[in-house]
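The values are calculated or read from the model by the stated rules, or taken from the named source; none is laboratory data. Only a predicted model underlies this, so the values are computations on that prediction, with no experimental measurement involved. As a convention, Cβ positions derive from the backbone with ideal geometry for all residues, glycine included, and neighbour counts pool all protein chains shown. We work out accessible area using only protein heavy atoms, side chains counted, and drop any ligands, DNA or RNA first. Shrake-Rupley method; radii C 1.70, N 1.55, O 1.52, S 1.80 Å.
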Amino acid sequence: MAYRPDRREFLKTLGAAGAILMSSSWLPGFGFARAQGPVGRVVIDQARYRSHLDRRLLGSFLEHLGRAIYTGVYQPDSPLADKLGFRTDVIDEVRELGVPIIRYPGGNFVSGYNWLDGVGPKDERPTVLERAWNSLETNQFGTNEFMDWCKRVGTEPLLGFNLGTGTPEDAVALVEYCNVDRRTKWSELRRSHGYDEPHNVRYWCLGNEMDGPWQMGHMPAREYGRKARDTARQIRTIDDSLQLIACGSSNTILPTYLTWDREVLEECYDQVDGISLHNYYGNTEALTGNDPARYLAMNLDMERQIQEIGAVCDYVQGTLKSGKRLWLSFDEWNVWYRARSGDHVDGERQFAPPLLEEDYNLEDALLVGGFLNTLLRRSDRVRVGCLAQIVNVIAPLVTNDQSVLRQTIYYPYAWALQYARGRVLDPLLESETYRIHAADLRPDFARNDDVPYLDAAVTLDRERGDATVFVLNRDLDGERELIVEWADPVPQRVTACKTLTGDDLKAVNTFDNPRRVVPEPLEAPRPGRTMALKVPPASYSILNVAIT
Ligand code: AHR
């Protein structure tokens, strides 16, 4: 007999839950329904999908900051370096991860960067005082080295322009340097530097966080919008097909949040393809009341930000009667709150000082899993995403002179890269909820709301013949069961079932104890139309199945 998941019953629940939740801010919009008791349910049907996943959603970021480039990526005097001076252990890790796109060279750094300082003979490159992080920049690593490194790790570059202290002229020259074949001033300069073939960079950021008062060259929205438009228009004479990303709001707390995006887009909508959004999260008194349960709901704040910025794009599209729909580039996101002030952000004019070296614990990794679920669920709108950053600076990978360490957040990121392919499905999800409270929290995170204990995302790759369910269990005290109902297709076999969990939410990996927090096998449910997956308290898990 053909299987029919009990959709009517499910939709009834959704309707009822919708009524209950009308007064709350986020759940109905995210397709969750409230269930009673510890058993949740996810209904999967490959006909219901959000997107054909653009893998750029799972990118990362590398900035000239602290030890990210120097001693992270580039360390010519290390026994681990190759003949170009690149750390081979880091290359191996990034290549194994399979990061699809990496944003470079900043970040705040880019807004004071003269790209010409970083090309040409190395012994002629100047050492400069880098003003974003008050550090010494030797320029021994620059655009061409980054392109070489991208090839070695198998990633695509996403380059940023300096629209802070830099001019449209500088930006257009960089595009010409990178992408024009030959016979022009800047393309011939590249060739004279030993790079005969153009780099063909397709994705470009029109500056960084220009809404932020901390940004070099910070300016009002309309002024930036006009500068971005002028830059983009000139670039399009070189190549109209390049994908150009305007700077959107860099967080949700600035008073200009959303107004900035609207005004910028009103100035440059016709010339750009996407708009950026950034956010960093933390388990602090102001953001969560130091409450891990509130902390593990922060991916829903990210989800809301995506909806709000998407709504602004659509508003501007509507008012301009434009046929073009912008996509979003969430090109900086991560947990970052411990190494965020004082010595952690002041390089004191040193070369490669240890800045923003955040030690990630188990609860951070679970939330990163939640962020990845959110990005997948919103992949119909967010095309590019960058985990900020990749090595040493707020990063999944950390180096010392001998080796490279995988921090806790490495694991959910690695799973997304390994398993999320093909279609991102739009499952119906039912889960018991818990209450969170606004009192005393920073306004952009102050919500009285209901949060589902179980959070899931599902991908299905017909070519590879597999599907994956990614599950965050926010219940800190109890195991939860997720009934996975497969309307279509039907799993034939379980190919992987594992979890990241532990009894200490604050546990971290260190060079002395690098395997304190690592994935462990999870009891695999029997394959079939209905599978009962038991997930431990405070865990992030994946179930990968082979499909016909
Ligand atoms: O990623 C660290 C910094 O955070 C970046 O330089 C900046 O863009 C953001 O504020």
Probe 1.4 Å, accessible area per residue of the chain, Å²: 37
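Taking 0.36 nm per residue of separation and subtracting the Cα-Cα distance, what length does fully extending N251 through E348 add? Please report the intermediate quantities before stating the final value.
On the way: separation 97, 0.36 × 97 = 34.92 nm, distance 2.65 nm.
Here the answer is 32.3 nm.
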In a solvent-free Debye calculation with one equal scatterer on each Cα, what is log10 I(q)/I(0) for segment 30-148 at q = 0.10, 0.19 Å⁻¹, listed in the order of the q values? -0.47, -1.08
Which whole-Hz couplings ³J(HN,Hα) result when phi for each residue of segment 395-405 is put into the Karplus expression 6.51 cos²θ - 1.76 cosθ + 1.60, θ = phi - 60°, listed in order with x for Gly and Pro? 9, x, 10, 9, 10, 10, 5, 9, 7, 10, 10
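Shape of segment 295-375 from its Cα gyration tensor (a ≥ b ≥ c, root eigenvalues): rounded if a/c is under 1.5, otherwise prolate when a/b > b/c, or oblate?
On the way: a/c = 3.63, a/b = 1.75, b/c = 2.08.
Since a/c reaches 1.5 but b/c is at least a/b, the shape of segment 295-375 is classed as oblate.
Over segment 222-324, what percent of the accessible surface lies on carbon and sulfur atoms, probe 1.4 Å? The partial results should precede the final answer.
Details: 1730 of 3520 Å².
The computed percentage sits at 49.
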Based on Cα coordinates alone, diagonalise the gyration tensor for segment 234-339, multiply each eigenvalue by 5, take square roots, and list the semi-axes in whole Å, largest first. 31, 14, 11
Charge dipole of the chain built from unit charges on the beta carbon (Lys, Arg +1; Asp, Glu -1), centred at mean Cα; most positive-end Cα among A388, C497, M216 is C497
Along segment 292-305, Karplus-curve 3J(HN,Hα) (6.51, -1.76, 1.60; θ = phi - 60°) to the nearest Hz, with x for Gly and Pro, reads x, 5, 5, 4, 6, 9, 5, 5, 6, 5, 4, 5, 5, 4
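On average over all directions, what projected area in square nanometres does segment 292-335 have, based on the convex hull of its Cα atoms? Each step should come with its number before you reach the end.
Working: hull surface 14.0 nm².
Computing the convex hull of the Cα atoms and averaging its projections yields 3.5 nm².
What is the packing order of peptides 384-393, 53-62, 233-242, 114-123, taking the mean over residues of other C-beta atoms within 10 Å and listing the highest first?
Working: 384-393: 27.0, 53-62: 23.7, 233-242: 13.6, 114-123: 15.9.
Going from most to least packed, we get 384-393, 53-62, 114-123, 233-242.
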Compute the relative contact order of the chain as a whole-number percentage, counting only Cα pairs closer than 8 Å that sit 6 or more residues apart in sequence. 19
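May I ask which of K185/K227; K151/K227; K83/K151; K83/K122; K506/K534 have a Cα-Cα span longer than 26 Å here?
Numbers: K185/K227 23 Å; K151/K227 32 Å; K83/K151 15 Å; K83/K122 14 Å; K506/K534 23 Å.
Those over the limit are K151/K227.
Could you tell me which GluC sites (Glu not before Pro) in segment 463-514 are loop residues by DSSP with no more than 15 other beta carbons within 10 angstrom of their beta carbon? Don't skip to the end; give the middle numbers.
Details: sites: E463, E479, E481, E485; in loops: E463, E479.
Here the GluC sites (Glu not before Pro) that fit, given the DSSP loop and packing criteria, are E463, E479.
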Two-site label geometry, W214 and R464: point separation in nm, points 7 Å out along Cα→Cβ: 3.6
Out of the total accessible area of segment 96-139 (probe 1.4 Å, heavy atoms of protein only), what percent is carbon and sulfur? 51
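Over all directions, what mean area does the Cα convex hull of segment 364-490 project, stated in square nanometres?
Working: hull surface 43.6 nm².
Result: a mean projected hull area of 10.9 nm².
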Tell me which residues come under 5 Å, amide H to amide H, from G40 once H is placed; ignore anything under 5 positions away on its chain. E481, L482, I483
Considering the Cα trace of the chain, what is its radius of gyration and what is Dmax, both in angstroms? 23.3, 75
What number, in percent, do you get for the relative contact order of segment 252-336 if the mean sequence gap of Cα pairs under 8 Å and at least 6 apart is divided by its residue count? 47
I'd like the distance between the alpha-carbon centres of segment 494-540 and segment 137-153, rounded to an integer number of Å. 36
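With a 10 Å radius around each residue's Cβ, average the other Cβ atoms per peptide and rank 268-274, 312-318, highest first. If you can, show how the numbers build up before the last one.
Values: 268-274: 20.0, 312-318: 16.9.
Packing proxy ranking, top to bottom: 268-274, 312-318.
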List the residues whose amide H sits under 5 Å from the amide H of Y434, counting only those 5 or more places along or on another chain, with H placed 1.01 Å from N in the peptide plane. V451, Y453
Looking at the chain, send over the antiparallel percent of its DSSP beta bridges, to the nearest 5. 55
Residues whose placed amide H lies under 5 Å from that of R421, excluding near-sequence neighbours: L460
